[in-house]
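I have placed the structure first, in the form of structure tokens, so that the comments after it can refer back to it.
The values are calculated or read from the model by the stated rules, or taken from the named source; none is laboratory data. Bear in mind that the values here come from a model prediction, so they are computed numbers and not experimental data. So basically every Cβ, Gly included, is an ideal-geometry build from the backbone, and we count neighbours across all protein chains shown. The area values use the complete protein model at the heavy-atom level, side chains included, leaving out ligands, DNA and RNA. Shrake-Rupley method; radii C 1.70, N 1.55, O 1.52, S 1.80 Å.
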Amino acid sequence: SSSSSSSSSSSSSSVAIWDWNEVSVRFGGNLTKMSLDLARLRVPAIVRNTHILSKQAANEWISEGKFIGVQRALESNHDEKGALKGGVLRGKHPPLFFFWDKTQPLHHVRSWDFTFKNVSMSAAELIKKALLKNQDAAPKEEEEGGGNAAGGSLEEVKQDPADAAQDNNNNNNNNYYYYYLGDMPKSMQENGFNRSAIFLSEKDRQRDQHTQYLWLSSGGVVTHTHCDMDHNLFIQIYGNKTFYLRPPHSFSDLRLFPRIHPLWHKSQQLNTDAAATASSDGEQHSYHAHLSPGDLLYVPPYWFHKVVSNTASISATAWSLDYEHYERMDSIYRYEQKFSRFVHPKGRFYGVRL
């Protein structure tokens, strides 16, 4: 049993939306079977009311909008100087963020100009600037019924995503946006999630690191169109996000960067306007998925997606490897190209051209 949401402001279609209360019988009440079925279908879908995210844990993390639990958990990711390992991305308008692969040969060919930079920051400072500063834009807990333990409602967001993104842009034009991605703290992994359901194999569950991540950002932040090689089970903890998705066969329309480029699995169409991303640019996408606290979104391998944080947001993701494809790709890409050994950047550039 699946249902569709009401039509979006764009011409894209909503991904399928399942309600666990309705489909649980189909899977014998087994959430792991549901996750495996999603992976078998290889199409994006939202599942609501799964309780994969513990309501009690979410309440403790959010701490009635003070985020005390999240701060304490993130402090375990501090380095010896009391800052978050890996740093925090900070940028001004336009709030387009992407991750740069410095290991690729073209990284040193030229100097690159970004709208953001990596800064050193503690968990307390990140929460203050990214979450508490714009708390009036965050979804409020309902006083009676219909609410979710993490704040907000499990119904589709009432504010149009384009309007929410524009509101955040107007509020932040002269301010900074913040974006953090890091390994999920152990305490949150162990106490907050049904690990048997968010990973697709025992091999994935046993991997110690780089399998489950925590995302935290200001409202209005956009991650531009890209694809991942893994099965992605994405869980919204706080705030609202919208995914704009396209199937793998759309690659020719997206003008992907080449494999040796630092943005190698990302589109060259870098739309920097969050409001346009959520409306006019969304018309070019095949599907959209509006997420509220407690929602689970499955993103299959190689599906392209752009993500807009309509409000200040906290999310979690669990990646399970597509082992067959991963091993084939790795057998090709693990070899160092000869031009990568050239000392001078211009030498590497002309080596690529040859």
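Apply the a/c threshold of 1.5 to the C-alpha gyration tensor of the stretch 12-84 and tell me whether it is rounded, prolate or oblate.
Prolate shape, in that a/c is at least 1.5 and a/b is the bigger ratio.
Near residue 299, within a Cβ-to-Cβ distance under 13 Å, what is the net charge of the other residues, with Lys and Arg +1 and Asp and Glu -1?
It works out to a net charge of 0.
If you average the alpha carbon positions of the stretch 62-125 and of the stretch 174-220, how far apart do those two centres end up, in angstrom?
So the separation of the two Cα centres works out to 14 Å.
Given axes a ≥ b ≥ c from the Cα gyration tensor, I'd like to know whether the stretch 170-258 is rounded (a/c under 1.5), prolate (a/b larger than b/c) or oblate.
Here the stretch 170-258 falls in the oblate category.
Can you give me the accessible area per residue for the stretch 178-244, using a 1.4 Å probe, in Å²?
That works out to 29 Å² per residue.
Name the shape class, rounded, prolate or oblate, that the alpha-carbon gyration tensor gives for the stretch 60-100, where a ≥ b ≥ c are the square roots of its eigenvalues, rounded holds for a/c under 1.5, and otherwise prolate holds if a/b is larger than b/c and oblate otherwise.
oblate
Rank by packing, highest mean first: peptides 31-39, 304-312, with packing defined as the count of other Cβ atoms within 10 Å averaged across residues.
The packing order, highest mean first, is 304-312, 31-39.
For a bin width of 5 Å, list the pair-distance distribution of the stretch 54-141 built from all Cα-Cα distances, rounded to whole %.
Spelled out bin by bin, the stretch 54-141 gives 3, 12, 17, 18, 18, 15, 9, 5, 3, 1 percent.
Just the number, please: carbon plus sulfur as a percent of the accessible area of the stretch 55-109, 1.4 Å probe, no ligands or DNA/RNA counted.
Using a 1.4 Å probe with all protein chains present, the stretch 55-109 comes out at 46 percent carbon and sulfur.
Test of understanding: what is the full-extension gain from residue 85 to residue 51, defined as 0.36 nm times their sequence separation minus their Cα-Cα distance?
Gain on stretching residue 85 to residue 51: 9.3 nm.
Compute the distance in nm between two label points, each set 7 Å from the Cα along the Cα-to-Cβ direction, one at residue 203 and one at residue 78.
Output for this residue pair reads 3.9 nm.
For residue 269 paired with residue 195, estimate the spin-label separation in nm (one decimal), with each label point 7 Å from Cα along the Cα-to-Cβ line.
About 4.0 nm, to one decimal.
Could you compute how much accessible surface residue 101 exposes when probed at 1.4 Å, giving the result in Å² to the nearest 10?
My reading of the accessible area for residue 101 is about 40 Å².
Could I have the simple spin-label model distance between residue 68 and residue 120, label points 7 Å from Cα toward Cβ, reported in nm to one decimal?
Distance between the two pseudo-spin positions: 2.9 nm.
Which residues' amide hydrogens lie under 5 Å from the amide hydrogen of residue 122, considering only partners 5 or more residues apart or on another chain, with H built in the peptide plane?
Amide H neighbours of residue 122, under 5 Å, 5+ apart: 84.
Ordering 68, 198 from largest to smallest accessible area (1.4 angstrom probe), what's the sequence?
Descending accessible area places them as 68, 198.
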